[in-house]
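Please treat every number below as a calculation from the coordinates, not as lab data. None of these values were measured; they are calculated from a predicted model. Positions of Cβ are generated from backbone atoms using ideal geometry, with glycine treated the same way; all protein chains shown enter the neighbour counts.
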Amino acid sequence: METLAREFRMAMNEPAALQVGNIDEKVMPKQGWAALKRAAREVPAEEVKRRATRFWPLIAAATLVFAFPLYVLALATALTVAECVVIAWALGYARLSRMVVAQFRDIQAKDPHHAEVLRQRAIRIAGLIGWVISLLPTGWTRGLYLPDFEEPEEEPKVFALDPFARLEPMA
C-alpha cells in the first residue's frame, strides 16, 4: 500500500503530469487517477472502519471532560433551587420573612459593616433578577414582586394626610 501511495505522489509531482484541459482547470494525469483508484481499492474494509471510528474515544473523552462538569453544575443548581422552594413552601412566607429579618438584625447588631455589605449585595442581586424578569414576557411575570432592600426615602406629603380623615365629620 505504501508503494501505491508513493507512486501516486510521484505522479502528482511530475511537471508533465498536469495537463491543461480548459483554460481554468487542470486535469490529473491518467497514472495519477489509476494510482489513486488502486490505493483506494486495496484498502481493506476493516481498515476503513478502523479509521472512521478512530476518533470516537477522543470525542467521548472530550465530552466527559467538558460536559460532565456542566451537568454537575446544572444538577447542583437545580437541587439548590428545589431545596429553597421546598423550604419556602414548608415554612410559609411570613415565618420565612421573620427568620430572615431576625437573622439580619443579629448580624447588624454584631457587625454593622458586614450587614451593610450584605444589604448592598442583596440590592445588586435584586436588580439583576429584576433585569432578567424585564426580559421575560409580561404574561409570565404578572404579579411577581421583588423585595426592596433600599433605604426608605422620605414619604411624599400626600401620604402624611389620612385619606379617611374627611369621612370622620360625616360619621
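Please give me the summed charge of the neighbours of GLU151: other residues whose Cβ is under 12 Å from its Cβ, Lys and Arg +1, Asp and Glu -1.
-4
In whole Hz, with x marking every Gly and Pro, tabulate ³J(HN,Hα) for region 62-74 from phi via Karplus 6.51 cos²θ - 1.76 cosθ + 1.60, θ = phi - 60°.
Result, rounded to whole Hz: 5, 4, 5, 5, 9, 7, 4, x, 5, 5, 5, 5, 5.
Would region 30-155 count as rounded, prolate or oblate if I go by the C-alpha gyration tensor, calling it rounded below 1.5 in a/c and otherwise prolate when a/b exceeds b/c, oblate otherwise?
Prolate.
State the answer as a single residue: which of PHE164, HIS113, CYS84 lies farthest towards the positive end of the charge dipole of region 61-170, with beta carbon charges of +1 for Lys and Arg and -1 for Asp and Glu, about the Cα centre.
CYS84
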